[in-house]
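Beneath this line is the structure, given in structure tokens, with notes to follow.
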Amino acid sequence: MNLHGVWAIYRFEMARGLRTLWQTLVAPVLTTALYFIVFGGAIGSRMQDIGGVDYGAFIVPGLIMLTVLTQSISNASFGIYFPKFSKTIFEILSAPVSPLEVVTGYVGAAATKSVVIGAIILITSTFFVDVEVAHPAAMIAFLFLTAITFSLFGFIIGIWAEGFEQLSFIPILVVTPLTFLGGAFYSIDMLPPLWRTVSLFNPVVYLVSGFRWSFFGQGDVSIGLSLGLTAAFLGLCLVIVTWMFRTGYRLKA
């Protein structure tokens, strides 16, 4: 593998994030504080514990997952879309780097930024509630797996998009609603049986549930099923990216 090429792409993408440091780091902290003020304070004070967990602490994994999902998709999609928009994508494609190295650089940078933001949100939450992680290794592994998977998904969106409208279509109109309806702020066991069954068709439920299990040792679905479906989605994304580079889909046109 051409590590110099991977490092060049990775360093460029990380430098782009540092140029927008205020938006990248400060905005998630302020957003998290507002979530805790509204959900943890105003609403949480009127709710009972969920599965023996204080509501303020219960929403921490959901908040982290909500941010990691959206940031992973946003960072990766814009990272590959901008070279297409500026026509510098042809320089990348003609450089002595393989498709695997290109994907590793872009996806690695997007996942790194998402994990850092997720860690900042976790630290910020400790100022509002008492947070204990029952399975730290599982939490870190699941965080990285989710960040890499959805950075890869964002990379696919960036290649597919032909305009800024399409670039934001899936994250805003599909991913964000699925995240809010995926048990980020509640347990699906609180829903009526019919709606709980419907919720099981929402893939975000398995992500949030698996990540919440690493905190409290309990989730809405089994941890094995959560990891299995996340790994399956990662494999699907890899297949799609491979096909895109092999055919030159919206890369060489």
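Scanning the stretch 25-50 for residues that are in a helix (DSSP H, G or I), over 21 Å from Pro177 (Cβ atoms) and at pLDDT 70 or above yields Leu25, Val26, Val29, Leu30, Ala33, Phe36, Ile37. Set side by side, the residues Val133, Val115 differ, and just one is at pLDDT 90 or above and either more than 27 Å from Phe245 (Cα to Cα) or outside any helix (DSSP H, G or I) (or both), which is Val133. Only one entry in Ala161, Ala134, Ala119 is aliphatic (A, V, I, L, M), surrounded by fewer than 19 Cβ atoms within 10 Å (Cβ to Cβ) and within 23 Å of Arg16 (Cα to Cα), namely Ala119.
Tell me, please, whether a residue that is part of a strand (DSSP E or B), β-branched (Val, Ile, Thr) and at pLDDT below 90 can be found in the stretch 51-70. Yes, the stretch 51-70 has at least one match. Tell me, yes or no, whether the stretch 13-21 has at least one residue that is polar (S, T, N, Q), part of a helix (DSSP H, G or I) and either surrounded by fewer than 23 Cβ atoms within 10 Å (Cβ to Cβ) or at pLDDT below 80 (or both). Scanning the stretch 13-21 turns up no residue that is polar (S, T, N, Q), part of a helix (DSSP H, G or I) and either surrounded by fewer than 23 Cβ atoms within 10 Å (Cβ to Cβ) or at pLDDT below 80 (or both).
Within the stretch 199-222, if we keep just the residues that are out of contact with any helix residue (DSSP H, G or I) (no Cβ under 7 Å at 6 or more places or on another chain) and either surrounded by fewer than 18 Cβ atoms within 10 Å (Cβ to Cβ) or among the basic types (Lys, Arg) (or both), the residue that is farthest from Pro136 (Cα to Cα) turns out to be Phe201. Scanning the stretch 173-198 for residues that are assigned to a helix (DSSP H, G or I), in contact with a helix residue (DSSP H, G or I) (Cβ under 9 Å, 6 or more places away or on another chain) and surrounded by fewer than 19 Cβ atoms within 10 Å (Cβ to Cβ) turns up Thr176, Leu178, Phe180, Asp189, Met190, Trp195, Arg196. Against the numbered list (1) within 14 Å of Ala138 (Cβ to Cβ); (2) among the aromatic types (Phe, Trp, Tyr); (3) free of Cβ contacts under 8 Å to residues at least 12 places away in the same chain, Trp243 comes up short only at (1). Restricting the stretch 223-246 to residues that are polar (S, T, N, Q) and surrounded by 14 or more Cβ atoms within 10 Å (Cβ to Cβ), the residue that is farthest from the chain's Cα centre (by Cα) is Ser226.
The values are calculated or read from the model by the stated rules, or taken from the named source; none is laboratory data. Not measured: the values here are computed from a predicted model. Neighbour counts are summed over all protein chains in view; Cβ atoms, including those assigned to glycine, are modelled from backbone coordinates with ideal geometry.
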